[in-house]
1. Nothing charged except the Cβ atoms of Lys and Arg (+1) and of Asp and Glu (-1): what's the magnitude of the dipole of segment 1-95 about its Cα centre? Round to the nearest 20 debye.
2. Using a simple spin-label model with points 7 Å from Cα along the Cα→Cβ vector, what separation in nm is obtained for N42 and M139?
3. Which distance in Å, rounded to a whole number, links the C-alpha centroids of segment 33-104 and segment 106-145?
4. For N34 and L94, compute 0.36 nm times the residue count separating them, minus their Cα-Cα distance, and round to one decimal in nm.
5. Spin-label point model (7 Å from Cα, Cβ direction): what's the E107 to K153 distance in nm?
6. Compute the length gained on full extension between L146 and E118: take 0.36 nm times their separation in residues and subtract their Cα-Cα distance, giving the result in nm to one decimal.
7. Probe radius 1.4 Å, ligands and nucleic acids ignored: give me the carbon and sulfur share of the accessible area of segment 42-93 as a rounded percent.
8. Largest first, how would L146, L131, L102 line up by accessible area (1.4 Å probe)?
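The values are calculated or read from the model by the stated rules, or taken from the named source; none is laboratory data. All figures in this text were calculated on a predicted structure; none of them were measured in a lab. Here the Cβ is made from the backbone with ideal geometry for all residues, glycine too, and neighbour counts use every protein chain on show. We work out accessible area using only protein heavy atoms, side chains counted, and drop any ligands, DNA or RNA first. Shrake-Rupley method; radii C 1.70, N 1.55, O 1.52, S 1.80 Å.
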Amino acid sequence: MSKDFDDFVERLQDQIFKETRAVYGDIAFQRWLNPLYAGRINNADGYGRVIGSCGDTMEIFLKFENGKVKNASFQTDGCGSSTVCGSFAAEQSLGKGPDKILNITGEGILERLGGLPEEDEHCAFLSADALQEALNDYMVKQQKKLKKRRLQKDY
Ligand code: FES
């Protein structure tokens, strides 16, 4: 009985994996199985949080070193596609400075994935928006630091 049940569960999981891979493509499927860069970064230099029209939240954390992203991560309460897209948004920012991060878009993430079903495309845009928010947060903090340093110099 238990062996039959285990076999049934295994077959069901295989079927789900096969269908998921067929619909989402191999790149997204592999990243869904192994969502790299998931989690928070404490004391991130840049933090972005965006809630999509679907109600899901995407957060991106960036840690910079010498003006470039040294560490990046994402967190989401959204669907599998948002996990995949958040992972790629974080990955694409690695080693990049602000000017290059500005070029990371939802279209670029979709391109990297080889596309997603139309109803899931917004997950890529949500991830890119959260990344841009994180970059904006970093830039604002940099400006504040610069201002503070200038003020200290004047006194
Ligand atoms: Fe809302 Fe994917 S982010 S459905």
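1. Working: 10 positive and 13 negative charges, 85 e Å.
In total the dipole reaches around 400 debye.
2. 3.0
3. 8
4. Working: separation 60, 0.36 × 60 = 21.60 nm, distance 1.79 nm.
Gain on extension, N34 to L94, equals 19.8 nm.
5. Between E107 and K153, the label points sit 3.9 nm apart.
6. On the way: separation 28, 0.36 × 28 = 10.08 nm, distance 4.33 nm.
So the extension gain works out to 5.8 nm.
7. On the way: 820 of 2120 Å².
Here it works out to 39 percent.
8. Numbers: L146 70, L131 0, L102 110 Å².
From most accessible down to least: L102, L146, L131.
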